[in-house]
1. Quickly run through the stretch 86-134 and pick out the residues that are touching a residue at least 40 places away in the same chain (Cβ under 8 Å) and at positive phi.
2. Please pick out the residue among L42, L37 that is assigned to a loop (DSSP other than H, G, I, E, B), touching a Lys or Arg at 6+ places or on another chain (Cβ under 7 Å) and modelled with pLDDT of 95 or more.
3. Looking for whichever is within 28 Å of A117 (Cα to Cα) and either of a type in the set (D, E) or assigned to a strand (DSSP E or B) (or both) here; the options are T18, T78, T68, T47. Which one fits?
4. R50 - would you say it is out of contact with any helix residue (DSSP H, G or I) (no Cβ under 6 Å at 6 or more places or on another chain), of a type outside the set (D, E), at pLDDT 95 or above and under 18 Å from M127 (Cβ atoms)?
5. Filter the stretch 64-80 down to the residues that are in contact with a strand residue (DSSP E or B) (Cβ under 7 Å, 6 or more places away or on another chain) and buried (at least 18 other Cβ atoms within 10 Å of the Cβ), then identify the one that is nearest to T128 (Cα to Cα).
6. Please state which one of A83, A6 is in contact (Cβ under 8 Å) with a residue 12 or more places away in the chain and in contact with a strand residue (DSSP E or B) (Cβ under 6 Å, 6 or more places away or on another chain).
7. In the list V30, V61, which residue meets the criterion of being in a strand (DSSP E or B) and either surrounded by 11 or more Cβ atoms within 10 Å (Cβ to Cβ) or over 11 Å from the mean Cα position of the chain (by Cα) (or both)?
8. For T18, state whether it is within 14 Å of the chain's Cα centre (by Cα), surrounded by fewer than 18 Cβ atoms within 10 Å (Cβ to Cβ), of a type in the set (S, T, N, Q) and farther than 20 Å from A122 by Cα.
Amino acid sequence: MDGVSAVRTVLVANASVTALVPAARIVPGVLGQGSALPGITLQSISTNDRNIPNPGDYRHVQERVQATIIAKTDESRTAVKLALRKACDAKYPEVAGIIRVTVHLGPGGPEFMNEEASLYLATQDLMTTYSVQR
């Protein structure tokens, strides 16, 4: 398990998010071409293992995850981004395979439109921390 799994767990557990984007369209990697919209894709941007003296059985990790919102309208994109941001206020979500999980909002990215594909997009960075067994 990793930060992408942690963020996905938080998002699919939130009724406000899944009312706008079904869990099947909140995916790691790429949303398939021709998929129904809106959707949220999740990618790991960077990870940082925090090595400490006498670390014990667990390794503490900080991971930056980027959520990309893909929608057919500006209104839908905005609603999904707001719901996603509120969902990430969850404290210490339970995620299989990792412990001591936190998800914090990072910088919001650009909002733009791909005119050729007629898609509205937005990005949101999320900072996750967790411990994983060595």
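1. Pass one, the stretch 86-134, residues touching a residue at least 40 places away in the same chain (Cβ under 8 Å): 86-88, 90, 93-101, 103, 106, 109, 118-134.
If the condition is that a residue be touching a residue at least 40 places away in the same chain (Cβ under 8 Å) and at positive phi, then G97, R100, S118 are the ones that fit.
2. None of the others qualify; the one that does is L37.
3. T68
4. No; evaluated as a whole, the condition is false for this residue.
5. V65
6. A6
7. Numbers: V30 fails: in a strand (DSSP E or B).
The unique qualifying residue is V61.
8. no
The values are calculated or read from the model by the stated rules, or taken from the named source; none is laboratory data. These numbers come from a predicted model, not from an experiment. Every residue, glycine as well, gets a Cβ built from its backbone with ideal geometry; the counts of neighbours run over all protein chains shown.
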